[in-house]
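Chemist: One structure, as structure tokens, below. Some questions next.
The values are calculated or read from the model by the stated rules, or taken from the named source; none is laboratory data. Here the structure is a predicted model, which means the values were calculated and not measured. Positions of Cβ are generated from backbone atoms using ideal geometry, with glycine treated the same way; all protein chains shown enter the neighbour counts. Quick note on the areas: whole protein, heavy atoms, side chains included, nothing else; ligands and nucleic acids left out. Shrake-Rupley method; radii C 1.70, N 1.55, O 1.52, S 1.80 Å.
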Amino acid sequence: EGYMDVAALHQAGFLNTVAPLGTALTERQMAELWRLVPEPVLCMDGDAAGAKAAQSAAKRALGDLKPGHSLRFAVLPEGEDPDSLVQGTDGVAQMQTILDAAAPLAEVLWAGASAGDFSTPERQAGLRKQVFELAGQVRDATVRDYYKNFFTSKLDAAFGATSSQSRRQRPGRRSVPWANKKLSPSMG
């Protein structure tokens, strides 16, 4: 399947395309992508399996993040793969729009962590613990601090101020289709 998607994308003009070919994206593969471009876009299916694969890749990348070095996630419409999408009417334009709207890694991590019911203080505390554990996996101290600030902002927006840190919204953030709509204020 990966071969067909890469071939179809290449034929449609998306020349810098690769696929892990049936395996989960590994740290070694991410290192190779980062050698070529500082912020590769991972294209995921818009279903539960795509969300799970995005979470897996996002978590796997955390330890190797550094300033200017991240991932973005493009999410296909449910039921589509790159091959079927680019073959359809206006498929190339649709694919470009999807790639242009790729969500930042931090948004994907938040979407995964915040999926669920957080109606109790204990569940909210659990979410806070979970996202700060994710941020703690980032080895680069500067990027780790920005992740902590990002998650603090998201928690503050979802539940009200939880710390003395800023409550302001940061413009330019994009949500992902499988995000918990209750906890994801409209941003960008």
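Chemist: Given Val86, Thr120, Ala103, which one lies farthest toward the positive end of the charge dipole of segment 82-142, if we put +1 on the Cβ of every Lys and Arg and -1 on the Cβ of every Asp and Glu?
Modeler: Thr120
Chemist: If you don't mind, another one. In square angstrom, what is the accessible area per residue of segment 1-113 with a 1.4 angstrom probe?
Modeler: 52
Chemist: Still on this structure, please answer the following. So what does Thr97 come to for accessible area, using a 1.4 Å probe and Å² rounded to 10?
Modeler: Looks like 90 Å² after rounding.
Chemist: Compute, for Asp117, the solvent-accessible surface of its heavy atoms (probe 1.4 Å) with the complete set of protein chains present, and express it in square angstrom to the nearest 10.
Modeler: Solvent-accessible area, nearest 10 Å²: 90 Å².
Chemist: A follow-up question, please. Kindly state, to the nearest 0.05, the FRET efficiency for Glu32 paired with Phe159, given R0 = 35 Å and r defined as their beta-carbon distance.
Modeler: For Glu32 and Phe159, the calculated efficiency is 0.35.
Chemist: Given a 1.4 Å probe and every protein chain left where it sits, what share in percent of the accessible area of segment 1-141 is carbon and sulfur? Walk me through the numbers on the way to the answer.
Modeler: Working: 4020 of 7560 Å².
In segment 1-141, the share of accessible area belonging to carbon and sulfur is 53 percent.
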